[in-house]
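Asker: First the structure, then my questions, so here it is.
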Amino acid sequence: MASMALQLLGFFLGLLGFAGTIVATLLPHWRSKAHVDANIITATGYMKGLWMECVWRSTGIYQCELYRSLLALPPDLQAARALMVISCLTSVLASLVSVIGMKCTRFARGSLIKSPLVLSGGICFLCAGLLCLVTVSWTTNEVIKNFYNPLIHSGMKYEIGLAVYLGYASACLSLAGGMVLCWSSSGDRSRQSPPHTQRGQSSHLPPVFNNLHPPAPPYRPPEALKGNHAPSLCSASSSGYRLNNYV
């Protein structure tokens with residue numbers, strides 16, 4: 001029962017991390033315009049994401065435009081796209097494998113394949129969390145490096161957006177879910193006892209070699225030798241004749 005509760009906990013943590021990873025991938029709030037001037041009242045705000053660039057106006061209107069060319073994007077943005085997409089696909093695979101391998105499902109109930117499937121799902125969640133963590137850490141490093149670069153104009157500097165913080169939280173949830181699933185599967189394998197050997201069977205030889213020399217059948221005298229024995233005195237006297245009459 002405790003193992004089932006751990007599996008459900010790890011699965012829901014990984015599922016929350018998967019949902020957060022998708023939202024962080026789609027949101028355009030990866031980089032927001034930095035206001036380094038004395039005037040803090042601005043009429044517009046600029047945001048950049050992995051797929052689009054948006055402008056926010058003081059009237060509450062958002063205007064977004066998708067990136068038209070993939071090759072014209074900087075290398076860090078292209079790598080971030082690829083890593084986040086791979087992280088989402090890995091989370092999908094982890095969710096499917098974990099659902100099949102958990103004890104609360106009917107698939108392969110009572111089989112030994114349940115524990116390896118849960119372990120595989122936990123490893124996939126760990127990989128998805130690491131990919132998301134690498135992406136948001138890389139983006140954070142680029143934003144901070146460009147912000148403190150004196151060669152870049154103040155109007156071209158950006159700050160860390162909300163999607164990056166959401167990516168950090170999603171990566172932590174995916175890593176926590178993967179670790180819980182791996183822990184629950186390791187506990188299931190330790191509780192499994194090795195199969196017992198059969199009685200009368202040698203433990204150091206496989207059954208094939210034990211059947212090469214079967215035990216000999218019990219000895220039985222032939223039917224022809226059953227009456228071929230010398231009569232006793234009692235049997236001769238009991239038949240009506242005495243030995244004294246012939247001596």
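Only the coordinates and a few stated rules stand behind these numbers; no lab work does. It should be emphasised that the depicted structure is a prediction, and the values quoted were computed from it without experimental measurement. Because the Cβ atoms are built from the backbone with ideal geometry, glycine has one as well, and the counts that use them run over all protein chains shown.
Asker: Please list 117-128, 77-88, 58-69, 154-165 highest first by mean number of surrounding beta-carbon atoms within 10 Å per residue.
Answerer: 117-128, 77-88, 154-165, 58-69
Asker: OK, next. Could you please state, rounded to a whole Å, how far the C-alpha centre of the range 115-129 is from the C-alpha centre of the range 45-61?
Answerer: Between the Cα centres of the range 115-129 and the range 45-61 lies a distance of 37 Å.
Asker: Give the lysines whose C-alpha is closer than 26 Å to that of residue 157, dropping any in the same chain fewer than 8 places away, or say none.
Answerer: 33, 48, 145
Asker: Can you list the residues of the range 116-130 with backbone N under 16 Å from a point 7 Å past the Cα of residue 86, pointing along Cα to Cβ?
Answerer: 124-130
Asker: Between residue 159 and residues 5 or more places away or on another chain, which pairs have amide H atoms under 5 Å apart, with H built 1.01 Å from N, and which residues are they?
Answerer: 32, 33, 34
Asker: Now a separate question. Describe numerically, in nm with one decimal, the distance between label points set 7 Å from Cα along Cα→Cβ at residue 156 and at residue 73.
Answerer: About 2.0 nm, to one decimal.
Asker: Run the reach check for residue 103 against lysines, Cα to Cα strictly under 18 Å, same-chain hits fewer than 8 apart removed. What comes back?
Answerer: Result set, ordered by chain and number: 114.
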